[in-house]
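*Asks:* Input: one structure, supplied below.
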Amino acid sequence: MGKIFYLMGKSASGKDHIYEYLERQEELELHPLILYTTRPIRKGEQDGSAYFFTDETKLEELRREHKIIEERMYRTVHGPWYYFTADDGQISLEKNDYLGIGTLESYEKLKAYYGEEHMCPLYVEVEDGIRLERALKRERKQEQPKYAEMCRRFLADCEDFSEEKIEKAGIRRRFYNNGTLEECISEIQNFVEQVKKL
């Protein structure tokens, strides 16, 4: 039976870059678990890569069909943004291993849905000062930077990823991304390879 390797971390922890790298490593044979979001697409993002970019009409349709595994709504300075995982036929644990990305909350709901034995958390941690620098650098590259939203998210992440919540979710191992991204990626890739051999 397959595993869902699930990347988590606060905003600007590098998890999107790690996800993109791991997804490209053909030898790992990780199929993408793609989440949905109603937030606007960022410069450089592609629909269907890390996210399916959709709207609240599609979300409501999937709710009516009882296909929502988990959903979260964030009250941003630009209005509500939804992130959700749908049982849309993309997962077949009898055949494949998967790579997903999300929050502690979404991880726990996926664990309840698919079973703890199928979930493998990959928690990426970055020192807050480094993380804030990276978030600001990323936001400056946007055509219309949303600094207020960046700050709101930074503060919200401190609560969403509190030590109590990390412990409650059963996260025992952390991958630190305070140095080079390559070092962190190498450590995660080695860990994934070890788990797949078990």
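The values are calculated or read from the model by the stated rules, or taken from the named source; none is laboratory data. Everything numeric in this text was worked out from a predicted model, so none of it was measured. Here the Cβ positions follow ideal geometry from the backbone for every residue, glycine too, while neighbour counts run over all protein chains shown. Surface accessibility is based on the protein's heavy atoms, side chains included, excluding ligands, DNA and RNA. Shrake-Rupley method; radii C 1.70, N 1.55, O 1.52, S 1.80 Å.
*Asks:* At SER49 and ALA112, where each label point lies 7 Å from the Cα along Cα→Cβ, what is the point-to-point distance in nanometres?
*Replies:* Each label point lies 7 Å from its Cα, and together they span 3.3 nm.
*Asks:* Using a ≥ b ≥ c from the Cα gyration tensor of the range 59-140 (square roots of the eigenvalues), is it rounded, prolate or oblate, where a/c under 1.5 gives rounded and otherwise the larger of a/b and b/c decides, a/b for prolate?
*Replies:* Numbers: a/c = 2.57, a/b = 1.37, b/c = 1.87.
Oblate shape, in that a/c is at least 1.5 and b/c is the bigger or equal ratio.
*Asks:* As a check on your grasp of the helix formula, calculate [θ] at 222 nm for the chain: sum -39500 (n - 2.57) over DSSP H runs of n ≥ 4, divide by the residue count, round to the nearest 500. Walk me through the intermediate numbers first.
*Replies:* Working: 7 runs with 80 residues, N = 198.
For the chain, the value works out to -12500 deg cm²/dmol.
*Asks:* Of the GluC sites (Glu not before Pro) in the range 99-155, which ones lie in a loop per DSSP and count no more than 15 other C-beta atoms within 10 Å? Walk me through the intermediate numbers first.
*Replies:* On the way: sites: GLU105, GLU108, GLU116, GLU117, GLU125, GLU127, GLU133, GLU139, GLU143, GLU149; in loops: GLU127, GLU143.
Of the GluC sites (Glu not before Pro), the ones in loops of the range 99-155 whose Cβ has at most 15 other Cβ atoms within 10 Å are GLU127, GLU143.
*Asks:* Could I have the simple spin-label model distance between GLN189 and LYS67, label points 7 Å from Cα toward Cβ, reported in nm to one decimal?
*Replies:* So the label points at GLN189 and LYS67 sit 3.5 nm apart.
*Asks:* Further, regarding this structure: Determine the relative contact order of the chain: mean sequence separation of Cα pairs under 8 Å and six or more apart, normalised by residue count, in whole percent.
*Replies:* It rounds to 32 percent for the chain.
*Asks:* Using alpha carbons only, how many angstrom separate the centre of the range 123-176 from the centre of the range 1-32?
*Replies:* Going from one Cα centre to the other spans 17 Å.
*Asks:* Turning to a different aspect of this structure: Using the structure shown, select from LYS109/LYS197; LYS10/LYS58; LYS111/LYS146; LYS15/LYS168; LYS141/LYS168 the pairs with a Cα to Cα distance greater than 29 angstrom. Walk me through the numbers before you get to the answer.
*Replies:* On the way: LYS109/LYS197 26 Å; LYS10/LYS58 27 Å; LYS111/LYS146 33 Å; LYS15/LYS168 21 Å; LYS141/LYS168 36 Å.
Over 29 Å Cα-Cα: LYS111/LYS146; LYS141/LYS168.
*Asks:* Now a separate question. Kirkwood hydrodynamic radius for the chain: how many Å is it when counted over pairs of different Cα atoms? Walk me through the numbers on the way to the answer.
*Replies:* On the way: mean 1/r = 0.0572 Å⁻¹.
With all distinct Cα pairs of the chain included, I get 17.5 Å.
*Asks:* Compare the Cα positions of LEU110, TRP81, ILE91 along the charge dipole of the range 65-112 (+1 at Cβ of Lys, Arg; -1 at Cβ of Asp, Glu; about the Cα centre) and return the one farthest towards the positive end.
*Replies:* TRP81
*Asks:* For the chain, with a Gaussian network of springs between Cα atoms less than 10 Å apart, report the residue from LEU104, LEU122, LEU93 with the top mean-square fluctuation.
*Replies:* Greatest mean-square fluctuation among the candidates belongs to LEU93.
*Asks:* With springs only between Cα atoms under 10 Å apart, run a GNM on the chain and tell me which of ALA156, ALA50, ALA12 wobbles the most.
*Replies:* ALA156
*Asks:* So if each residue of separation counts as 0.36 nm, and I subtract the Cα-Cα distance between GLU60 and GLU143, what length gain in nm does that give? Before the final figure, lay out each step's value.
*Replies:* On the way: separation 83, 0.36 × 83 = 29.88 nm, distance 3.03 nm.
In short, 26.9 nm is gained.
*Asks:* Looking at the chain, which longest stretch skips every one of the trypsin sites (Lys or Arg not before Pro) that is in a DSSP loop with at most 13 other Cβ atoms within 10 Å, leaving the sites themselves out? Before the final figure, lay out each step's value.
*Replies:* Numbers: sites that count: LYS43, LYS95, LYS141, ARG172, ARG173.
The answer is 44-94.
*Asks:* What number comes out for accessible area per residue over the chain if the probe is 1.4 Å? Units Å², please.
*Replies:* Values: 10840 Å² over 198 residues.
Here the residues of the chain average 55 Å² of exposed surface.
*Asks:* If you roll a 1.4 Å probe over the chain with all protein chains in place, what percent of the accessible area is carbon or sulfur? Write down the numbers at each step before the final one.
*Replies:* Working: 5200 of 10840 Å².
Answer for the chain is 48 percent, counting heavy atoms of protein chains only.
*Asks:* Under a Cβ-only charge scheme (Lys and Arg +1, Asp and Glu -1), can you give me the dipole magnitude of the range 1-117 about the Cα centre, in debye to the nearest 20? Intermediate results must be reported in sequence, preceding the final value.
*Replies:* Details: 16 positive and 23 negative charges, 106 e Å.
For this selection, approximately 520 debye.
*Asks:* With a cut-off of 8 Å between alpha carbons and a minimum separation of six or more residues, what is the relative contact order of the range 86-198 in percent? List each step's numbers first, then the result.
*Replies:* Numbers: 49 pairs, mean separation 36.8, N = 113.
The normalised contact order for the range 86-198 reaches 33 percent.
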